[in-house]
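Each remark here refers to the structure printed beneath this line.
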Amino acid sequence: MEVLTEKNTKQTPSKPPKSMSPWAIARRKFVRNKLAMVSSFFLLTVMIMSFLAPYITTIDITRVNIGQMSLPPSGEHWLGTDKSGRDVFVRLLYGGRVSLTVGIAATALIVVFGTVIGSIAGYFGGVVDSVLMRFTDFILNFPFLVFVIVLNAILFGKLSGVWVLIVVISVLGWGGVARLVRSKILSEKENEYILAAISIGCKPSKVIIKHLLPNVLSTIIVQATILFATMIVAESGLSYLGFGVPTEVPSWGNMLSTSRDPDVMQNMPWTWIPPAVVLTLTILSINFIGEGIKDALNPKSYR
Amino acid sequence: MKNKKSLYWLLAMLLGLSLVVAACGGDEASDTDETDNTTDNTEQNDSTDTNDTSNDSDENQSDSNEPKKGGTMVFGVDSEPEGLFNWAFYGIVTDADIISLFDEGLIEYDENLKPQPNLATWETEDNKTFTFKFKEGVKWHNGDELTVHDWVFALETIAHPDYDGPRYANVQTIEGAEAYRNGEADSISGVEVIDDYTIKITFDKARVNNLTNLWTYPMNRTAFEGIPVAEMSGSDPVRRNPVGLGPYKVENIIPGESVELVPFEDYWNGEPKLDKIIVKVVDRSSVLGALENGEIDFITVHPSMGPQVEKMNNADLVTYPGLAYYYVGFKLGKFDNESLEIVEKYDKYANKNLRKAMYYAIDRETWIDAFFSGYGKPVNRPVPSAHWIAADDSELNTYPYDPEKAKQLLDEAGYVDVNGDGWREDPNGDEFVVKFSHYDVGDPQYEARAKALTQYWNDIGLKTELDMVEVNLYYEMIEKDNPEIEVFYGGWGTGADPDPSALWKSDALWNYTRYDNPESDQLLDDALDIDIVGTSDEKRKDLYVEWQKIVNEDLPMLYITELEETVAVSKRMGGMEFAVSGWNNPVEWYIAE
Amino acid sequence: MLKYTLRRILGMIPMLFLISVVVFTLALAMPGDPFSGEIDPNNTDPEYIEEMREKLGLNDPIHVQYGRWITNFVQGDFGKSTRYKMPVSDLIAERMPNTIFLGVTSLAITYILAFAMGMYAGRRPYTPGDHFIGGFNYFGLAIPSYIAGVFAIYLFSFQLGWIPFQGSVDITLEKGTLDYWISKIHHVITPAIVLGLLSTASYTQFLRNDIIENSRKDFVRTARAKGTPERKIYNVHILRNSVIPLITFLGFDIVTLVNGAIITEAIFTYPGIGQLFLSSVTNQDYPVLMTLTMMFSFLVLLGNLIADILYGVVDPRIRLD
């Protein structure tokens, strides 16, 4: 640590101190973080391949190929085929699409909802704050998994496929973000510049959006990366248990759940090891990226 | 599940296919529950009459080794028992399997599903009054001697207004059962004790199937002494210390996990050879591993695991005929639950040639090979081949895979592609989409096999959409004729009594297709009419064959397959035999090695 | 402190009440009921099912059903499982010891591993050993527990045959004997490790960082200057300071265990509360489902309360009132 600090002080004089915005500094720090960069590269590759899957392959992924069931990996099927004769590699790509969509969509919903509730509660305080926070506590005190399972069982068939899950985990997941944003806003709004903004008659919405949120943005971003990973795990875990996305939709969790069949588990590891590995690596890289962003946005850290 | 023994019509839809449930955390296959309604007179069959219907691979194992004494057998079950270890109260097949190791009934069924005496013999002149004679000297596990009073006790328990199990249907045909249940009588008038070993049962009227429908499991009176009927299902004699009549008795129960059984020295019908039977719950994901490691000696397996078991060095796969059939049904109408009649007819699938074309389009052989590892065969009638009323295929249309013929039938029926989009339109030129539904229990294979069926129809130009519906919702929708359900997959299990009325008569709630044909109704009625068939099984069978010809031609449903029961038996086991009625008396089982 | 605790406990009541209303409504909104699918044409008839529905009050309006349920619930009568036909309290009492055993073992393993690894890594930062532990931690944080569970079964049960793959104990053993307990531990060890994986990784990480931070503090320098042996500095002075914040995690552990038990028990077919819960959902066994949900909610509330109280105990600067 000390050594690094020294190196850094040496560099500081050489760089033009005023020309860089905090975001630029963060970006530079992030780019220098090898682990984070490798992870970003990996995650991007997975994302691009998953989302472009329909354009890369022309195979009808839902088609059941009776003649080609349970084939081990070969030149024709890179990762073999599963018990329905569907190509594992292609399903892995499509599965990534679903898993990542759930992750991204749920994270986005949670962040938006949590931020709105959290900032309103934090900014207005008083009755608004206590009502909203009681509600947040209420949501937070649901045992997450328990409620997702029950809710999903109820909504099954009422909404189409993947969106049930996204809605359900979002509805139950925003509490943490709301709390975090609220506490950040609470401390931030005591600053003079906010008092100044309010005193010159800025509307609350403007104060929140223009002045407060940018200052808590870094916290939100870091939180979002953690959430992203959590949501992907949640999707796959629930699908594994059979309470996630419908079985006919390929997702990493659904692919993994085939390993509950002992035959598949023991004799067809090519169907469940790839999603397990890709899923773990994806979570790992998201975690590394999260750490990288945290470091990069932390003015006290030197990298 | 799947095995056995369920000699009754049982909802087999999920039955058999126990792959089930990734959903439910392992055991508890949702399957189990839904289906298993089943059984009841699941009976014990004695080895003596259930020989070798099993086409198993390992006949020799029993021949080459003399039955030996000693050893512990581990009996695997693939879903968690509910712990209701009494014939009168159990709900699922797993529990019934376990009960059958330590208890047995008055009669049993042979390989033709005909009743045979076990603990009692019977006589009847008119199929209305039956006189049962009990064997003397048969002992309960607690030392009591079995008498007719134990049976009376069982009948009165089931007919009691507080009874919360599902078996009343097996008692209600006895004269006076209704009055007893309504509290109008202190005893069931149709039950007349003559002495400790003789009893006369009078039914409310003569029927050909009175005996097969009757409840024939006694309950030990001392064990249940002082326990009100309302509390019986949760009481110790049901859950913790069951008292039976079988060759083994319960020593210890770890709820939801395992049951330990030890030999019962005073068993009336031979000497148990094993030192111990341990019933162990094995998650289906662990079944193959456990078999391979020799940790279990017996378990029922899903057909898809069959090939793996066949490859094993220390276990054999044994198959025997099953009693369930699987079908694709068409909703042909709407049923009114109040008036018990079909009140509306739907047109969409009313064209018989359309249904026939959809039948010819399916390559059933390939489909069964692919999804059931070949442990099944196409069936052309709603009766499993093993049943004595089954019509021979030579008397029926067999609908072999013939896509050309299917297309031709569609052309003739007017289902042609008029707008050139590659899909056929209906005879009016409107878009035609087959809506196919299948239940979902979280198992990916269910989706695959349903999808494969839709592909067959797509291939003949019928646009088909697949809808996977959560299993609880699925049956509710089917039963209530929800318009979302048009073409649906299902299965029925059949029992000892061949009467299909509850599933086929136009006034039956479970006639899911709402098939309405007076001719069919008449035949089904005639086959039960004692004035027409008397006591002749031949006459009865002829009527059922006539009926099968009609439904084979009308096709309110496409009969897809009947599956074989598949069980894995460790090579060290000897004396185990299987037949359509289940496994033989455990008293015969031994460890050969 | 006492006042605060009491107030918090009282505050839990309306929360639990609200949760019960929500859950009850949700549960009844689930398609079907315990009898859907229970069809056995020869033995049961539609009338029997209708009669049972009537008997169990499933045909009553929801608020009536709720009223009946909550009245009994408050009086300690949790109802009778529709599937197992026995009182829910007995059913839970039957399974509870297994889950508690799993949870306690998991906690013990978590703490032992986390302490061992965290102290090692904290004492020798930036050595290969530390990097190895760091790598393990990242992995532990990233790998979802069910994947770890599946791999563990595949490897240790099927390929190596080291551990049993299901159940909680070997039934042949006499209850209470040494072998019996060894068998219990043998069955619980892998699920417990898998269940504790995430906490182990985060505690190790936390402990390591805290030890490194503390080792630069003045009191450590003083101790060094006084000539206190290095071993004593780490094991007594630093550890004492680093352990304190860790204690506050105990409350959250309860929450983690509740959620984790459901998945872990499902994978290892371990007959505990989590498995009972999953089966009650699939079988629509409302009495069990409701009681367990209430129990889980209560545990979560309790966990949060314990966490808050421990904060106050450990760090007197935090005022609770």
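Remarks
- Residue in the range A:64-111 that is farthest from the other protein chains (Cβ to nearest Cβ), counting only those that are touching a His at 6+ places or on another chain (Cβ under 8 Å) and over 15 Å from A:PRO275 (Cβ atoms): A:LEU71
- Elements of the type helices (runs of 4 or more DSSP H) sitting completely within the range A:106-186 and holding at least 2 residues that are open to solvent by less than 60 Å² (accessible area, probe 1.4 Å) and at pLDDT 85 or above: these cover A:126-140, A:161-173.
- Qualifying residue in the range B:395-407 (condition: open to solvent by less than 40 Å² (accessible area, probe 1.4 Å) and among the charged types (D, E, K, R)): no
- Residues of the range A:196-232 classified as open to solvent by 60 Å² or more (accessible area, probe 1.4 Å), aliphatic (A, V, I, L, M) and free of Cβ contacts under 8 Å to residues at least 60 places away in the same chain, total: 4
- Residues within the range C:63-101 that are within 14 Å of chain B (Cβ to nearest Cβ) and either assigned to a helix (DSSP H, G or I) or without any contact (Cβ under 8 Å) to a residue 40 or more places away in the chain (or both), tallied: 17
- Beta carbons closer than 6 Å, at least 6 apart along the sequence or on distinct chains, pair a first residue in the range B:264-276 that is open to solvent by 20 Å² or more (accessible area, probe 1.4 Å) with a second that is modelled with pLDDT of 90 or more and among the β-branched types (Val, Ile, Thr) for B:TRP268/B:VAL138; B:GLY270/B:VAL587; B:ASP275/B:THR72; B:LYS276/B:THR72; B:LYS276/B:VAL262.
- Hey, A:TYR193 free of Cβ contacts under 8 Å to residues at least 60 places away in the same chain and within 20 Å of the chain's Cα centre (by Cα) or not: no
- The single condition among (1) farther than 20 Å from A:MET231 by Cα; (2) at pLDDT 85 or above; (3) hydroxyl-bearing (Ser, Thr, Tyr) that A:TYR55 does not meet is (2).
- Wholly within the range C:141-240, helices (runs of 4 or more DSSP H) carrying at least 3 residues that are small (Gly, Ala, Ser) and touching a residue at least 12 places away in the same chain (Cβ under 8 Å): C:145-152, C:178-214
- The set of residues in the range B:516-537 that are more than 24 Å from the chain's Cα centre (by Cα) and over 20 Å from B:LYS356 (Cβ atoms) comprises B:PRO518, B:GLN522, B:ASP526, B:ASP529, B:ILE530, B:ASP531, B:ILE532, B:VAL533, B:GLY534, B:THR535, B:SER536.
- Among the candidates B:PRO255, B:PRO303, residue that is modelled with pLDDT under 90 and open to solvent by 20 Å² or more (accessible area, probe 1.4 Å): B:PRO255
- The numbered conditions (1) under 24 Å from B:ARG240 (Cα atoms); (2) crowded, with 23+ Cβ neighbours inside 10 Å are all true for B:VAL152 except (2).
- Flag if B:GLU310 is touching a Pro at 6+ places or on another chain (Cβ under 8 Å) and of a type in the set (Asp, Glu): no
- Of residues in the range A:240-257 being touching a residue at least 24 places away in the same chain (Cβ under 8 Å) and touching a Leu at 6+ places or on another chain (Cβ under 8 Å), the one nearest to A:ASN152 (Cα to Cα): A:GLY244
- Residues in the range B:277-287 that are out of contact with any strand residue (DSSP E or B) (no Cβ under 9 Å at 6 or more places or on another chain) and open to solvent by less than 10 Å² (accessible area, probe 1.4 Å): B:ASP283, B:SER286.
Per-residue answers, yes or no, for (1) at positive phi; (2) open to solvent by 50 Å² or more (accessible area, probe 1.4 Å); (3) touching a Cys at 6+ places or on another chain (Cβ under 6 Å):
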site	(1), (2), (3)
A:ALA53	no, no, no
A:ILE59	no, yes, no
A:ASP82	no, no, no
A:GLY85	yes, no, no
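- B:ASP481 vs. criteria open to solvent by less than 60 Å² (accessible area, probe 1.4 Å), touching a strand residue (DSSP E or B) at 6+ places or on another chain (Cβ under 7 Å) and on the phi > 0 side of the Ramachandran plot: yes
- Residues in the range A:244-290 that are within 9 Å of chain C (Cβ to nearest Cβ) and closer than 30 Å to A:ALA24 by Cα: A:LEU281, A:THR282, A:ILE283, A:LEU284, A:SER285, A:ILE286, A:ASN287, A:PHE288.
- Only one of the numbered conditions (1) open to solvent by less than 20 Å² (accessible area, probe 1.4 Å); (2) within 14 Å of chain C (Cβ to nearest Cβ); (3) out of contact with any Phe, Trp or Tyr (no Cβ under 6 Å at 6 or more places or on another chain) is not met by B:LEU261, and that is (3).
Yes/no per residue for (1) without any contact (Cβ under 8 Å) to a residue 60 or more places away in the chain; (2) closer than 23 Å to A:SER257 by Cβ; (3) surrounded by fewer than 24 Cβ atoms within 10 Å (Cβ to Cβ); (4) more than 9 Å from chain B (Cβ to nearest Cβ):
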{"site": "C:GLY260", "(1), (2), (3), (4)": "no, yes, no, yes"}
{"site": "C:THR264", "(1), (2), (3), (4)": "no, yes, no, yes"}
{"site": "C:PHE268", "(1), (2), (3), (4)": "no, yes, no, no"}
{"site": "C:LEU278", "(1), (2), (3), (4)": "yes, yes, no, no"}
{"site": "C:THR282", "(1), (2), (3), (4)": "yes, yes, no, no"}
{"site": "C:LEU289", "(1), (2), (3), (4)": "no, yes, no, yes"}
{"site": "C:MET294", "(1), (2), (3), (4)": "no, no, yes, yes"}
{"site": "C:ASN304", "(1), (2), (3), (4)": "yes, no, yes, yes"}
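- Filter pass, C:THR248 being more than 7 Å from every other protein chain (Cβ to nearest Cβ), open to solvent by less than 10 Å² (accessible area, probe 1.4 Å), over 21 Å from C:LEU91 (Cβ atoms) and in contact (Cβ under 8 Å) with a residue 60 or more places away in the chain: yes
The values are calculated or read from the model by the stated rules, or taken from the named source; none is laboratory data. In this text the structure is predicted, and so the values were computed from the model without any measurement. In this analysis, Cβ positions are derived from the backbone assuming ideal geometry, glycine residues included, and neighbour counts consider all displayed protein chains. Ligands, DNA and RNA are excluded from the accessible area calculation, which covers all protein heavy atoms including side chains. Shrake-Rupley method; radii C 1.70, N 1.55, O 1.52, S 1.80 Å.
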